[in-house]
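Right, one structure below, let's go through it.
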Amino acid sequence: TAADKIYLNPEGMVDFRGLNSEIMFVKGALDKLEIEAQIIKVGTYKSAVEPFILDKMSEANRLQVTSFLGSMYDHFISEVSKSRKIPKNLLFSIADNAKIRSPKDAAIYKMVDGLKYKDEVLDELKSRLKIDKKKDLKSVSIEEYSPGSDEGEEPSKNRIAVIYASGEIISGEGNDETIGSERISRAIRKARTDDKVKAIVLRVNSPGGSALASDVIWRETVLAKKSKPVIVSMGDLAASGGYYISCAADSIFAQPNTITGSIGVFGIIPNMKKFFNNKLGITFDGVKTSQFADLGSVTRPLTDAEKMIYQNEVNKTYATFTKKVADGRKKSQAYIDSIGQGRVWSGKEALENGLVDKLGNIDDAIASAARKAGIKNYKIVSYPAQVDPLKSLFDHSADKVKTYFVKRELGESYLYYEQLKSALNLSGVQTRMPYNITVK
């Protein structure tokens, strides 16, 4: 809706029915398989564990989803109202009653400016540009477009490093789709020790993940902040571990509909004894030299003493998490706990409760970094370094081909496949988003 004009194919459709949030619960499947999900957590709202132990949303989870989804929806409606000059109450009514059911409906309610085919749109563009309709319209793709620098302007030696942290947070190197603690820490360290880099912008788009890996990255942001400005720009989501790695920054920018917060900790230890015994006919026996030598075994239930060990570890991680957030945000730990507890917030809500400083995009964050560094002319450099496309083609090619065909076969259901696969890979104490959010 930011466009000057919006045209719809005469046989097309505008989907304008509001936002929907749906969570997949697997407790019933686990019950049938006789697998018990043993939960250790901190946080009333830390609902990442709910799909494993419940068959519907808890009231606390329903409250937080209603709150942040409502905040996102209100921002969405407000922006559409401004750009299309349609009253908000009318937009709510259009969505609530699914009034856009045909292309003509979209035009009647001013959701589009007209119904046109591509050739008609191209003719209009030619007319605006005063180009003969018989001539081709010259265009350039966004990939090929690159604004030239001003003539005579000397290239600046000053640099602002933009470090992209996208995906789940894991220990090790990671890749372009995950945040590997070693890879991202090394990128921050490289920017920190480069005298030409005057400021760092950390672009975070993550649901969280490993608490340990998050802490490793947090440490590098703390060290970097001692020598130069560090600004965080939040993308779609920077929640749980994604917030952990952000909280030490000098300033945090979020979009109004960014999903953030989720300051909480959990662990899941499956008890698969009955599954192995009753479903597969497999039993286990062994010898150990000390009481807790097989701590975390999935072949038996946890003892009370083992549950206490895990709970103490989760409590300690939560205390560490809230203390670091409190220090970074200059708030009391008690206050952070009150807005923590695993609760998820929209960017707009996070601004109100002090988890972020400003609403804005990555350009706003870069401009802020330049101001804090006291520079006007600068070059933007991106980290981690992009892998050579040819090399990327051959690295892990079998996995990429497999992923391509699975996505093609499953379509929208690929999301559920990914959730189940991710659940199987949970290891160690987790600071992770309660669920995946897809706006439909």
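Here are Val387, Val344, Val356: which of them is surrounded by 18 or more Cβ atoms within 10 Å (Cβ to Cβ), at pLDDT below 95 and of a type outside the set (Gly, Ala, Ser)?
Unique residue meeting the criteria: Val344.
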**Request:** Determine which member of the set Ala305, Ala319, Ala326 is closer than 30 Å to Asn353 by Cα and either surrounded by fewer than 15 Cβ atoms within 10 Å (Cβ to Cβ) or touching a strand residue (DSSP E or B) at 6+ places or on another chain (Cβ under 7 Å) (or both).
**Result:** Ala319
**Request:** Collect the residues in the range 81-110 that are aromatic (Phe, Trp, Tyr) and under 31 Å from the mean Cα position of the chain (by Cα), keeping them in residue-number order.
**Result:** Phe92
**Item:** Of all residues in the range 128-159 being open to solvent by 80 Å² or more (accessible area, probe 1.4 Å) and polar (S, T, N, Q), the one that is modelled with the highest pLDDT
**Value:** Ser139
**Request:** Working only within the range 77-88, note down all residues that are in contact with a helix residue (DSSP H, G or I) (Cβ under 9 Å, 6 or more places away or on another chain), in a helix (DSSP H, G or I) and of a type outside the set (D, E, K, R).
**Result:** Ile77, Ser78, Val80, Ser81
**Asked** Could you say which residue among Ile263, Ile259, Ile231 is buried (at least 24 other Cβ atoms within 10 Å of the Cβ), in contact with a Ser or Thr (Cβ under 6 Å, 6 or more places away or on another chain) and not polar (S, T, N, Q)?
**Response** Ile231
**Message:** Just the residues that are open to solvent by less than 30 Å² (accessible area, probe 1.4 Å) and either touching a Cys at 6+ places or on another chain (Cβ under 7 Å) or among the aliphatic types (A, V, I, L, M) (or both), please, taken from the range 161-179.
**Reply:** Ala161, Val162, Ile163, Ala165, Ile169, Ile179
**Request:** Would you check if Ser290 is open to solvent by 40 Å² or more (accessible area, probe 1.4 Å), small (Gly, Ala, Ser) and farther than 13 Å from Ile40 by Cα?
**Result:** yes
**Message:** So, in the range 52-71, exactly how many residues are of a type outside the set (Ser, Thr, Tyr), open to solvent by 20 Å² or more (accessible area, probe 1.4 Å) and in a helix (DSSP H, G or I)?
**Reply:** 8
**Item:** Qualifying positions in the range 180-211 - within 11 Å of Ile245 (Cα to Cα) and either aliphatic (A, V, I, L, M) or touching a Cys at 6+ places or on another chain (Cβ under 6 Å) (or both)
**Value:** Ile184, Leu202, Val204, Ala211
**Asked** Among the residues of the range 24-51, which ones are open to solvent by less than 50 Å² (accessible area, probe 1.4 Å), more than 21 Å from Gly241 (Cβ to Cβ) and assigned to a strand (DSSP E or B)?
**Response** Gln38
**Message:** I'm checking my understanding of the structure. Among residues of the range 329-341 that are farther than 18 Å from Val232 by Cβ and out of contact with any helix residue (DSSP H, G or I) (no Cβ under 8 Å at 6 or more places or on another chain), which one is least open to solvent (accessible area, probe 1.4 Å)?
**Reply:** Gln341
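The values are calculated or read from the model by the stated rules, or taken from the named source; none is laboratory data. Only a predicted model underlies this, so the values are computations on that prediction, with no experimental measurement involved. Backbone-built Cβ (ideal geometry, glycine too); neighbour counts: all protein chains shown. The accessibility values were calculated without ligands, DNA or RNA, using every heavy atom of the protein model including side chains. Shrake-Rupley method; radii C 1.70, N 1.55, O 1.52, S 1.80 Å.
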